[in-house]
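Derivation of every value follows stated rules applied to the coordinates shown; laboratory data play no part. From a predicted model like this one, the values you see are computed outputs, not experimental measurements. Heads up, the Cβs are rebuilt from the backbone with ideal geometry, glycines too, and the neighbour counts pull from every protein chain shown.
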Amino acid sequence: MFSFSSFRFLLVFVILTSTLSINSQKRIVKDYNIHKMSNSFMDNISDELYKITNYVESDGSFHIKSEINTNEAEVLKSLGLTNDFDFKLKRTSKSYIDSEVTYKFYQQYYKNLLVDGGGYLTTMKNSKLVKFAPNLYLDLNISIHPTLFDLELRNVLDIDNIMKKELIITCRFGGKSKLVYEINYFKNGNKKAIIDAHTGEIYEDITTNTPLLASTFQYGTVLFNNYNVNGVSHLSSSDNRIRIYQGININSQPWSWDTNLIPTTTNLFGWDNGIVWDLSKQALYVTEKVDNIFSTHLDITFPEIRVGTYLGANAWAGPFSNADIVLGTLNNNPSGPNFALYDIVAHELGHVSLYNTPLYYTPGNQNATLHEGLADIYGTYVESFILGSTDWRAGGENSLIFDKNEKRDHTVQYCYNPSSSSDHEKGKAISHWFYAITVGIPGMPGMPETTIESIGSIEDSKTLVFEAINRLNDPYSGIFRFKELTL
């Protein structure tokens, strides 16, 4: 006969053994989103780590016990890091939910070389470390001395000049750590290559421009407060922080930000002198308004923004993390419909902000899909504040450009299609989700479970999105990882 006292004993036994298993777990099964070489400390959790945390999650992150006051150095020591590793602060951001919380992301280095994708994110509450989310590569016992140099690298790529080169360590190719060069160069467009520093094998060779085909309309007569020196006005913001470079040559790499391209005038009445393009004037007008929303509503500031204008039908974010964008026009007409539109400029500057998160952009990969979807959210959100509402269409103010821009209507249901070759199209899985949680979607007749309820205003949706961005600790994150961070 099973008595109550027996049941009570069994219950206590289960509780004790369950607690024991949590406190003594040595190996944590990794989440499928985590790189198999990252966070190797999860294979054998140290006693030192359990002194400061109760539990290690499947992505390697853990909350610090409330009674423990510790810091990053002590945590890293408990993870078994040697003096070969060091870290540099790359991002500090305030929580959109809790004013007492601050996030800090640190980039990982091994013997002074950047470790691709490596680093950790801390959550601080009132200056106290409360959570540690690592994405660390610890098994890096490799030589940091390359055997290939510029001449060999130029021969491998069949180019005359290297724009930018950095020696880094990566674990993304072949399942083991490799010493590689990350090289930016120009050959039929901006390119970035990852090349083995010993064998010359090209692991990755991609185009790094991030294009967005979109639309604009004329905003009528506007007023400028321009940067002025000795009676000469420049087509720049009054503090000379936002500058327009008219007629930039996008085929000359790196892009030449020659100050001679900045239009000037001594006219005391205006810019309508027939020399300055309507495109260029509109680019400054729109960028100033967009930059203001980034600063006041998103707490994102850019030290400077360089905007190139050219007679081509496209829009670009620069290949590096600088706030450099290029805006074009339809039919090579500098006075016609152009790409200096609120949601387009915000989309491009959104890419810049994401680059600095950091969230990398690898065309065809999930991080590029996430990049495009989030950039569309930047565009929609900023447009809604400037215009007072949004049409939920990327470049929807001009039907011709909207049609050319893959008809990216965020109100239309879209399911992620990994076979699509367009990162913009695949990104609609994110932008449509943002629409759905903001506006809500009625369910099918007789199927109330298919209803999607609005979580509130676009501000509430923005808060959810940007809090998830704050928590990104892997620069190669994709849409599935982002989904988990929003839950």
Ordered by fewest other Cβ atoms within 10 Å, a rough proxy for footprinting exposure, K428, K289, K128 read K128, K289, K428
Hey, fewest Cβ within 10 Å first, where do V439, V75 land in order? V439, V75
Within region 284-312, the residues whose backbone N lies under 16 Å from a label point placed 7 Å from the Cα of V229 along the Cα-to-Cβ direction are none
Extension reserve of the L487-R27 stretch, reckoned as 0.36 nm per residue once the Cα distance is removed: 163.1 nm
Here the chain gives, from Cα atoms, an Rg and Dmax in Å of 25.6, 101
Per-residue ³J(HN,Hα) for region 29-42, Karplus 6.51 cos²θ - 1.76 cosθ + 1.60, θ = phi - 60°, Hz, x for Gly and Pro: 6, 6, 4, 5, 7, 8, 4, 5, 8, 8, 6, 5, 4, 5
Apply the Karplus curve 6.51 cos²θ - 1.76 cosθ + 1.60, θ = phi - 60°, to the phi angles in region 302-314 and return the couplings in whole Hz, x for Gly and Pro. 10, x, 7, 10, 9, 10, x, 10, 8, 8, x, 8, 6
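What is the fewest-to-most order of D272, D376 by other Cβ atoms lying within 10 Å of their Cβ?
Values: D272 12, D376 28.
In order of increasing Cβ crowding within 10 Å: D272, D376.
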Find how much the distance from S420 to E453 grows on full extension, using 0.36 nm per residue of separation minus their present alpha carbon separation; answer in nm with one decimal. 9.0 nm
Pulled fully out, how much extra length does the chain show between D239 and S389, if you take 0.36 nm times their separation in residues and subtract their Cα-Cα distance? 51.1 nm
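Show me the ranking of peptides 415-422, 146-153, 232-239 by mean Cβ neighbours inside 10 Å, starting with the highest. All intermediate terms of the calculation are to be shown ahead of the outcome.
On the way: 415-422: 11.0, 146-153: 13.8, 232-239: 17.9.
Ranked by mean Cβ neighbours within 10 Å, highest first: 232-239, 146-153, 415-422.
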Quick one: if you stick a label point 7 Å off each Cα along the C-beta vector at T411 and T207, how many nm between them? 3.2 nm
Order by protection proxy (mean Cβ within 10 Å, highest first), peptides 358-364, 116-122, 336-342: 336-342, 116-122, 358-364
Loop GluC sites (Glu not before Pro), region 412-477, which have at most 10 other Cβ atoms in a 10 Å radius of their Cβ (DSSP): E453
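Return the ratio Rg/(2.2 N^0.38 Å) for region 319-390, where Rg is computed over Cα atoms only.
In units of the 2.2 N^0.38 Å rule of thumb, it is 1.19.
Could you check how many percent of all C-alpha pairs in region 226-486 are farther apart than 30 Å?
On the way: 9782 of 33930 pairs.
Counting every Cα pair in region 226-486, those more than 30 Å apart make up 29 percent.
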Which residues qualify? For G118, with a placed amide H closer than 5 Å and at least 5 residues away or on another chain, they are Q108
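I need the GluC sites (Glu not before Pro) found in region 21-121, filtered to DSSP loop residues with at most 13 other beta carbons within 10 Å of theirs. Walk me through the intermediate numbers first.
Working: sites: E48, E57, E67, E72, E74, E100; in loops: E57, E67, E100.
Sites meeting the loop and neighbour criteria: E67, E100.
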